[in-house]
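In what follows, a single structure is set out as structure tokens and then discussed.
The values are calculated or read from the model by the stated rules, or taken from the named source; none is laboratory data. In this text the structure is predicted, and so the values were computed from the model without any measurement. For neighbour counting, all protein chains shown are included, and Cβ atoms are generated from backbone atoms with ideal geometry for every residue, glycine included. Just so you know, the surface numbers come from the protein's heavy atoms only, side chains and all, with ligands and any DNA or RNA stripped out. Shrake-Rupley method; radii C 1.70, N 1.55, O 1.52, S 1.80 Å.
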Amino acid sequence: MSQSSILDRLSSLDTNTVSDALDFLGLKGATYGLRPLWDCPKIVGRASTVKVGPKTDAAPTTHLLTPVIDAVTTDDRILVISGGIDGVSCWGDIIANASKQKHIRGTIIDGMSRDIDGSREVGYPVYGRGVTMISARNRLVQVDSGTPLQVRGVTVHQDDYVIADRCGTVFVPAQRIEEVLELGERIDRRQTRMVEAVRAGQPVSEVMHDKQFEAIRESSPSQTAAPLNNGNPKQPSAEDQELVALFADSDTPGVSDALDKLGIPGQAFGVMPLTDYKKVTVGPAFTVRYVPASDPPGSVGDFIDEVAIGDVVVIDNGGRTDCTVWGDIMTQYAGLRDIAGTVIDGVCRDVNRAIDDDYPLFTAGRWMRTGKDRVQVGGVNESVGIGRVRVNPRDIVVADANGVVIVPRDRAREVAEVARKIEKSEAGIREMIAGGATIAKAREKLGYHTLQRKG
């Protein structure tokens, strides 16, 4: 098979599907923590490996990476760099421009980049741990190239295959690529049928049953069940609707300030929006607790059939970042059933689906590796912990572009009233400033410094 054909087939998949194929085959390749450093497109290609390390003497050296870039002669390469140091850059805009001129497809760094705007301006994809402003000059040197590397616990060889998208980065051993592609394509077809079944109204407990996943191994997968009625019979209670309405005009900063004033812990630390949502998500918590998988493994997603319209699914996966508990099928099904959103103390995958569907998702991160056979549901509608906050079933969740806050149900009316007063005072301050008052005078008049103070 030609290289272009292999790369075309790999490009038609995503990291979630490739990660699943690697799981089925018992291969390591999915890495956690190497994400797009700007809103760059998916990249696929062959690895050109580069190892960097700390500079140990004062002798002048050739700028790291430039010999490897100069040596590239084909248009299928992705630079894979290991050995980076936190806080120190091993990538910048000049070498991004040089790589673009050499038709290199992108760079994966187990390290940091600086001048990321320069890479964005020329449309050069960069994936890595994060960004910094600190130069590599006199701090890092190129140690080796074209040799095997360790990247986030995965061994990457020269010419291995690479795929990277919004969920992260996956490496595929060159000698196993056809096997991985064949299985990945089979998984993709099966997942498409599962999504179609969900869209048609089939219960997700049937669609995501273990037998459906095991059918992926078959060369002729069985057809999905006949479409069922598409709707959610679980209706919100009158009290749920009343409490949610109390926060209709609030946002998380205002509710957070109210919680502080009342001495209530409720801010979910480290749980952030998947994208910059323009609307506030409010709903009662439907709590789910995940635990490590048993042998044989238990259910991973059947609970969603019990979630009512307007609920927010709140998942405690113990902050685990090594496997996901939410993907595109759950997103699709939740949207069809008018579930308000999902909050996860853990990671999600298939983020393109959630972003494109505008489904509110708040997590501790994103990764592509499935949680199937790694975790299972340990409890539903019991007290859980999310971002260091205790969440009881039917507590009120308020989430937006700033993060997530949890309001104890029995104090929701009190919190909402205090939040309204705080927000009214802050609106008055903004109005006075717009009218020409100094910020000090406006704050003093409207008691800004006591708004959040306990009392």
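Tell me which residues come under 5 Å, amide H to amide H, from ILE386 once H is placed; ignore anything under 5 positions away on its chain.
Sorted by chain and number, the residues that satisfy this are VAL391.
Full-extension gain between ASN392 and ALA238, please, as 0.36 nm times their residue separation minus the C-alpha to C-alpha distance.
53.6 nm
Name the helices (complete DSSP H segments) of the chain with a Cα length along the long axis of 27 Å or more and a Kyte-Doolittle mean of at least -1.0, or state none.
Sorted by number, the helices that extend far enough and score high enough are 177-199, 412-434.
Determine the gain in length on full extension of the stretch ASP86-GLU431; use 0.36 nm per residue of separation and subtract their C-alpha separation, reporting nm with one decimal.
119.8 nm
Compute the distribution of all C-alpha to C-alpha distances in the stretch 6-181, in bins of 10 Å from 0, and list the percent of pairs in each, rounded to whole numbers.
Using 10 Å bins, I get a P(r) of 11, 42, 36, 10, 1 for the stretch 6-181.
Please name whichever of HIS103, THR147, ASN16 sits farthest to the positive end of the charge dipole of the stretch 6-181, dipole taken about the Cα centre and charges placed at Cβ: Lys and Arg +1, Asp and Glu -1.
The Cα lying farthest towards the positive end belongs to THR147.
Can you work out the Karplus-derived ³J(HN,Hα) for every residue in the stretch 116-125? Use 6.51 cos²θ - 1.76 cosθ + 1.60 with θ = phi - 60°, whole Hz, and x for glycine or proline.
Those phi angles translate into 5, 4, x, 5, 4, 4, 9, x, 9, x Hz.
Sort LYS28, LYS234, LYS372 by heavy-atom solvent-accessible area, probe 1.4 angstrom, most to least.
LYS28, LYS234, LYS372
Sequence gap at least 6, Cα distance under 8 Å: using those rules, report the relative contact order of the stretch 6-181 to the nearest whole percent.
The value is 35 percent.
Near the amide H of THR287, under 5 Å away, which other amide H atoms are found, from residues 5 or more places off or on another chain, if H is placed in the peptide plane?
Amide H neighbours of THR287: VAL314, ASN381, GLU382, ARG394.
Show log10 I(q)/I(0) for the stretch 238-414 at q = 0.08, 0.14, 0.16 Å⁻¹, two decimals, from a solvent-free Debye sum over equal Cα scatterers.
Log10 I(q)/I(0), no solvent term: -0.21, -0.66, -0.87.
Treat each spin label as a single point 7 Å out from the Cα along the C-beta direction, and report the THR192 to ASN352 distance in nm.
About 1.3 nm, to one decimal.
Restricting to DSSP H runs of at least four residues, report the calculated mean residue ellipticity at 222 nm for the chain, -39500 (n - 2.57) per run over all residues, nearest 500 deg cm²/dmol.
It comes out at -9000 deg cm²/dmol, rounded to the nearest 500.
Quick one: which of 3-9, 431-437, 32-38 comes out on top by average Cβ neighbours within 10 Å, and what's the full order, highest first?
Peptide ranking by packing, descending: 32-38, 3-9, 431-437.
Can you compute the modelled spin-label distance between ASP249 and ASN138, with each label point 7 Å from Cα toward Cβ, in nm?
With each label placed 7 Å out from Cα toward Cβ, I get 5.9 nm.
Looking at this model, which pairs from LYS55/LYS102; LYS28/LYS51; LYS42/LYS100 are more than 18 angstrom apart at the alpha-carbon?
With Cα atoms farther than 18 Å apart: LYS55/LYS102; LYS28/LYS51.
Separation of the stretch 253-329 and the stretch 369-428 by C-alpha centroid, Å?
8 Å
For the stretch 88-158, which whole percent of the accessible surface, found with a 1.4 angstrom probe, sits on carbon and sulfur atoms?
Taking all protein chains in place, the stretch 88-158 shows 47 percent carbon and sulfur surface.
With the Cα gyration tensor of the stretch 329-439 giving a ≥ b ≥ c as the square roots of its eigenvalues, does the rule (a/c under 1.5 for rounded; else a/b larger than b/c for prolate; else oblate) give rounded, prolate or oblate?
Since a/c reaches 1.5 and a/b is larger than b/c, the shape of the stretch 329-439 is classed as prolate.
For the chain, what is the accessible area per residue in Å² when the probe is 1.4 Å?
Per residue, the chain has 44 Å² of solvent-accessible surface.
For ASP322 paired with SER294, estimate the spin-label separation in nm (one decimal), with each label point 7 Å from Cα along the Cα-to-Cβ line.
Modelled inter-label distance: 2.1 nm.
Per-residue HN-Hα couplings for the stretch 69-83, Karplus 6.51 cos²θ - 1.76 cosθ + 1.60 at θ = phi - 60°, whole Hz, x for Gly and Pro?
Rounded to whole hertz, the list is 4, 4, 7, 6, 10, 10, 9, 10, 8, 10, 6, 10, 10, 10, x.
Provide the three semi-axes, in whole Å and in decreasing order, of the ellipsoid equivalent to the chain as defined by the square roots of 5 times the Cα gyration tensor eigenvalues.
So the three semi-axes of the chain are 41, 33, 17 Å.
Would you work out the relative contact order for the chain, in percent, from Cα pairs under 8 angstrom that are 6 or more residues apart?
Computed value for the chain: 16 percent relative contact order.
Could you give the length gained on full extension between LYS441 and TRP38, defined as 0.36 nm per residue of separation minus the Cα-Cα distance, in nm?
Contour length minus the Cα-Cα distance gives 141.0 nm.
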